[in-house]
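Undergrad: Structure below; questions to follow.
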Amino acid sequence: MVTPLLDIRDFSVTFPSLGGDIRAVRGINLQLGEGESVAVLGESGSGKSVTSRAILGLIDVPPARLEGSILFDGVEVLGRSDKELAAIRGRGVSMVFQDALDGLNPVYTVGDQISELLRVRAHMSRKTAKAEAISLMQQVGIPAAAQRAKDYPHQFSGGMRQRICIAMAVALKPKLLIADEPTTALDVTVQAEILQLIARLQREANMALIFVTHDLGVAHNIAENLMVMYAGVVMEFGPTNAVFGAPAHPYTQALMRSHPSEATHWSDLQPIAGSPPDKTERLAGCPFSPRCPHSTDRCTKEEPALRRGPAGHQVRCHFDLDAQI
Amino acid sequence: MSNATSNTTPSDDISRRQNPKWVRLRLLLKMPLPLTAAIILILLLIAALFVAPYLFEQANRQNLRLRFYPPFQTEQGWLFWLGGDALGRSMVAELIYGARTSFLVAGSAVGVAASLGFAIGLVSGYFGGWFDAIIMRLADIIVTLPSLLMALAILFVLGPSVFNLICVLAVARLPVFMRTARAQTLSIREWTFVEVSRSIGASPARIIWRDIRPLVAPTILTVAMLELGNTMLAVAGLSFLGVGLQRPDIDWGTMVAEGRQYMNVAWWITVFPGIAILITALSANILSNWMRAVGDPKQSGALVAKVTGGGN
């Protein structure tokens, strides 16, 4: 078997706090080959951003405690210093952040920021880097790129700034791009354009993609695999079409009932009652059991394992539930 | 508009018009108070740098016939427009030469303290940990000691000289800059663009130098201007107490100290250098206040609106 590009095994993150340890991520497994894509879907606080940051070594240890292993290209990422990680960052893995408005340094022109990256990391001459920066800006769809390169970040709209962040993320031709809710801070009208841009860049460069989102519709369209997270654990994992076609976990089903689409009237939407569990307490059973309509005694006592469900993909539930959307 | 300007795009035009350097200069030209302060400081600086070297002799030449020569008399030439001191030396020459020493000592002390404190604050703020802890406790110790007393003690032991004076004052002012730089660094390092830089593999040194330093620099500059006034007063205080500068070096503080015993016969010996200190400190404060307002994006917007009359 070929070693996957990214191999996350039994990965956990714990943050100590006064109220007890916060277990942000518990025992995640994920293998991703070159050019493959996965959407990570979950509510805020489900551990999806923490996982994606950990792949780049962006979580400070201490205070956080990391367990398990994250192999990128066969190299362990966890426990490495900034210096050792510099080779992987940008070149191997890079990231597009949620906060597009603050993603660029306000005191430099965007052209300077992109070309500095190219000069330092790709050892380009000043002139080549400048030309390459402009061509990158064209690739991410910035009109009049040569002139706009001389502008400062505050002279760009949010969508344009996110495009420039994407240009910087793909500048060193990484093998894996992590997009952490890249459209959350943007207008709805701009979101689709950014998604198309990321999809196009992924296809053209054959990058692997991890797309973190809380939006079902986005998750459906962007990636071939879907991972549903809740309270730091994986609830359901499989090919996107399989999961959407036959959601096997009550949480996924509930998410779909709460998601607005063109067909549904707002009065038909069903919010999920309750709120995600406090992650300082150790729940004995399934983390979703307090909010689950199918919850039984067994659910509150015994945590289900991730297993092959009725529709063929992985699901963390004791029961073989029919898809009831 | 016309065909002549068709090769410049709107965005090009905007970026040139909004180049912050020129906007700031235009803003300064339209505000009388900070403009006056800036002009006074520049004139004093020119006097200290270029005029003072030619006046060293005059500032120390004694002429006992001109003892307590009153000010605002024109018979003895422009050197005695502001009168003569207890030994008949020209007040004008002494004031200008004193400006040189005051600026030299205060400027060097603030310069050393600002650059050192800036660097230490950036590093300890970015990395944190034991280095940060030790540095900040040292800063606490320096702050807790009364700086005048510390300076008095050290200068008494080492002997008063310009170099020792600069060193002592620089150490005493160091914590202000360290703490300011550190506090700013702590908040800026949490911004997304710092994480973006980390995520594309920038080294900590590069992040500190390229990402954080330019955003902390305006604050440090503002604090430095404030401290310039304070340090001048401190130099004056130390000279007044007799551990500052010694003849033939003179500064405004020494002049005030020397003149105080003749207050009842010749007020001008004390009053003129006192006014000089006051004006300089005041100008530095006004200018630093203005620089802070302009450096803050929210306040500078209001300033621009006020000066340009709303629109644009």
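The values are calculated or read from the model by the stated rules, or taken from the named source; none is laboratory data. Just so we're clear, the structure is a prediction, and the values are computed from it rather than from any experiment. Virtual Cβ from ideal backbone geometry, glycine too; neighbours counted across all protein chains shown. Areas reflect the complete protein model, heavy atoms only, side chains present, ligands, DNA and RNA absent. Shrake-Rupley method; radii C 1.70, N 1.55, O 1.52, S 1.80 Å.
Undergrad: State whether the range A:115-197 is rounded, prolate or oblate according to the following rule on the C-alpha gyration tensor (a ≥ b ≥ c being the square roots of its eigenvalues): a/c under 1.5 gives rounded; otherwise a/b larger than b/c gives prolate, and the remaining case gives oblate. Don't skip to the answer; put the middle values down first.
TA: Working: a/c = 2.30, a/b = 1.42, b/c = 1.61.
In terms of gyration-tensor shape, oblate.
Undergrad: Okay, next question. Might you report the magnitude of the Cβ-based charge dipole of the protein assembly as shown about its Cα centre, with Lys and Arg at +1 and Asp and Glu at -1, to the nearest 20 debye?
TA: Numbers: 57 positive and 51 negative charges, 358 e Å.
In total the dipole reaches around 1720 debye.
Undergrad: Tell me which residues come under 5 Å, amide H to amide H, from A:VAL25 once H is placed; ignore anything under 5 positions away on its chain.
TA: Amide H neighbours of A:VAL25: A:VAL13.
Undergrad: Roughly what angle does helix B:20-29 make with the longest principal axis of chain B, taking Cα atoms, 0 to 90 degrees, to the nearest 10?
TA: Helix B:20-29 and the main axis of chain B meet at about 40 degrees.
Undergrad: Got a sec to turn the phi values of the range A:153-164 into Karplus ³J(HN,Hα) couplings, 6.51 cos²θ - 1.76 cosθ + 1.60 with θ = phi - 60°, whole Hz, x for Gly and Pro?
TA: Along the range A:153-164, the couplings run x, 5, 8, 10, 7, x, x, 5, 5, 5, 4, 5 Hz.
Undergrad: Still on this model: What's the Cα-based Rg to Rh of chain A, Rh via Kirkwood? Spell out each step's value before the answer.
TA: Details: Rg = 20.7 Å, Rh = 20.9 Å.
Here the Rg-to-Rh quotient is 0.99.
Undergrad: While we're on this one: Of A:LYS83/A:LYS173; A:LYS83/A:LYS127; A:LYS150/B:LYS30; A:LYS83/A:LYS150; A:LYS150/A:LYS175; A:LYS48/A:LYS150, which pairs sit farther than 25 Å apart, going by alpha carbon to alpha carbon?
TA: Details: A:LYS83/A:LYS173 20 Å; A:LYS83/A:LYS127 27 Å; A:LYS150/B:LYS30 28 Å; A:LYS83/A:LYS150 31 Å; A:LYS150/A:LYS175 29 Å; A:LYS48/A:LYS150 36 Å.
Correct reply: A:LYS83/A:LYS127; A:LYS150/B:LYS30; A:LYS83/A:LYS150; A:LYS150/A:LYS175; A:LYS48/A:LYS150.
Undergrad: Which whole-number percent of Cα pairs in the range A:61-115 have a distance greater than 17 Å? Before the final figure, lay out each step's value.
TA: Details: 857 of 1485 pairs.
When every Cα pair of the range A:61-115 is considered, 58 percent fall beyond 17 Å.
Undergrad: Quick one: what are the phi-derived ³J(HN,Hα) couplings along the range A:101-118, Karplus 6.51/-1.76/1.60 with θ = phi - 60°, whole Hz, x for glycine and proline?
TA: Those phi angles translate into 5, 9, x, 10, 6, x, 9, 10, 5, 5, x, 4, 5, 5, 6, 5, 4, 5 Hz.
Undergrad: Could you tell me which residue out of B:TRP78, B:VAL235, B:LEU221 lies farthest along the dipole of the range B:32-308 toward its positive end? Charges go on the beta carbon: Lys and Arg +1, Asp and Glu -1, centred on the Cα centre.
TA: B:LEU221
Undergrad: Nearest 500 deg cm²/dmol is fine: what mean residue ellipticity at 222 nm does the protein assembly as shown get from its DSSP H runs of n ≥ 4 alone, each adding -39,500 (n - 2.57), divided by its residue count?
TA: On the way: 24 runs with 315 residues, N = 637.
It lands at -15500 deg cm²/dmol.
Undergrad: For chain B, how big is the tail of P(r) above 27 Å, as a whole percent of Cα pairs?
TA: Numbers: 26941 of 48516 pairs.
The answer is 56 percent, as a whole percent.
Undergrad: May I pose another question? Taking the Cα centre of chain A as origin, sum charge times position over the Cβ atoms of Lys and Arg (+1) and Asp and Glu (-1), and report the length of that vector in debye to the nearest 20.
TA: Roughly 860 debye, rounded to the nearest 20.
Undergrad: How big is the Kirkwood radius of the protein assembly as shown, worked out from every pair of different alpha carbons and given in Å to one decimal? Working shown, then result.
TA: On the way: mean 1/r = 0.0339 Å⁻¹.
By the Kirkwood definition, the hydrodynamic radius is 29.5 Å.
Undergrad: Using the Cα centre of the range A:137-257 as origin and beta-carbon charges of +1 (Lys, Arg) and -1 (Asp, Glu), tell me which of A:LEU195, A:VAL234, A:LEU255 is placed farthest towards the positive end of the dipole.
TA: In the range A:137-257, that residue is A:LEU195.
Undergrad: With +1 on each Lys and Arg Cβ and -1 on each Asp and Glu Cβ, and nothing else charged, work out how big the dipole of the range B:32-308 is about its Cα centre, in Debye to the nearest 20. Before the final figure, lay out each step's value.
TA: Details: 19 positive and 14 negative charges, 65 e Å.
Dipole of the range B:32-308, to the nearest 20 debye: 320 debye.
Undergrad: In a shell of Cβ-Cβ distance under 15 Å around A:ARG307, excluding A:ARG307 itself, what net charge do Lys and Arg (+1) and Asp and Glu (-1) give? Before the final figure, lay out each step's value.
TA: Details: positive: A:ARG298, A:ARG308, A:ARG316; negative: A:GLU236, A:GLU302, A:GLU303, A:ASP320.
Around A:ARG307, the surrounding residues sum to -1.
Undergrad: Summarise the accessible area of the range B:32-308 (1.4 Å probe, protein heavy atoms) by the percent that is carbon and sulfur. Spell out each step's value before the answer.
TA: Numbers: 9200 of 13130 Å².
Of the solvent-accessible surface of the range B:32-308, carbon and sulfur hold 70 percent.
Undergrad: Then there is this: Compute the angle between helix B:129-144 and the longest alpha-carbon principal axis of chain B, please, reported from 0 to 90 degrees and rounded to the nearest 10.
TA: 30 degrees
Undergrad: Give me the distance between the Cα centres of the range A:16-80 and the range B:104-155, rounded to whole Å.
TA: 40 Å
Undergrad: From the phi of every residue in the range A:54-60, what ³J(HN,Hα) in whole Hz does the Karplus formula 6.51 cos²θ - 1.76 cosθ + 1.60 yield, where θ is phi - 60° and glycine or proline is x?
TA: Values per residue, Gly and Pro as x: 5, 4, 8, x, 8, 8, 6 Hz.
Undergrad: Take the alpha-carbon centre of the range A:217-257, take the same for the range B:232-273, and report the distance between them in whole Å.
TA: Result: 81 Å between the Cα centres.
Undergrad: Among A:ILE8, A:PRO182, A:GLN139, whose Cα projects farthest towards the positive end of the dipole of the protein assembly as shown, with charges put on the beta-carbon of Lys, Arg (+1) and Asp, Glu (-1)?
TA: The residue sitting most towards the positive pole is A:GLN139.
Undergrad: Then there's this: How much accessible area is lost when chains B and A come together, counting both sides, with a 1.4 Å probe, in Å² rounded to the nearest 100?
TA: Details: alone 17330 and 15770 Å², together 30710 Å².
About 2400 Å² of accessible surface is lost on pairing.
Undergrad: I've got another one for you. How far is helix A:188-205 tilted, in degrees, relative to the longest principal axis of the Cα atoms in chain A, given as a value from 0 to 90 rounded to the nearest 10?
TA: Tilt relative to chain A: about 80 degrees.
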